[in-house]
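Every read-out reported here was derived from the displayed coordinates using simple, explicitly stated rules and does not represent laboratory data. On a predicted model such as this, the values are computed, not experimentally measured, just so you know. Cβ coordinates were reconstructed from backbone atoms using ideal geometry, including for glycine residues, and neighbour counts include every protein chain displayed.
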Amino acid sequence: DHAHQHDVPVGWTSSDIPLSEVARHNKPHDCWIAICGEVFDLTDFLKHHQEQRNSILAWAGRDATPMFDKIPGRFPSKQWMEYYMRPEFKTGKVGPEKPVDSIIM
């Protein structure tokens, strides 16, 4: 089982990911979530934590910050992140949208 690749489009750095790109990763086999300005790839996490699958997939491809710490200990919360998050899940930071003409197809 190889590590999930972070497919960041040309023109973006891995630390500069607009929410429009996060939105493309909204499936169980490709699950990115933005939380508090950071982007996380939780694809591999989902494979090993089936009991949390539904609560995470509800936010796949989205910014979960509005729900942060609403339910302490549950996804997404500081307590949950301290317990489960690993550095390798961090894909980058939420960045500005790129003008359409700057995107190389």
Neighbours of Ala64 by Cβ distance under 11 Å: Lys/Arg at +1, Asp/Glu at -1, summed charge -1
Fewest to most Cβ atoms within 10 Å: Glu51, Glu38 sort as Glu51, Glu38
Quick note on Ile56, Ile17, ordering by fewest other C-beta atoms within 10 Å, gives Ile56, Ile17
If amide H atoms are modeled at 1.01 Å from N in the peptide plane, then the residues at a separation of 5 or more from Asp63, or on another chain, having amide H under 5 Å from its own are Ala34
Straight-line reach check, Lys70, cutoff 28 Å on alpha carbons, 8 or more apart in-chain or any other chain, hits among lysines -> Lys27, Lys47, Lys78, Lys90, Lys93
By Cβ neighbour count within 10 Å, fewest first, Ser77, Ser55, Ser20 rank Ser20, Ser55, Ser77
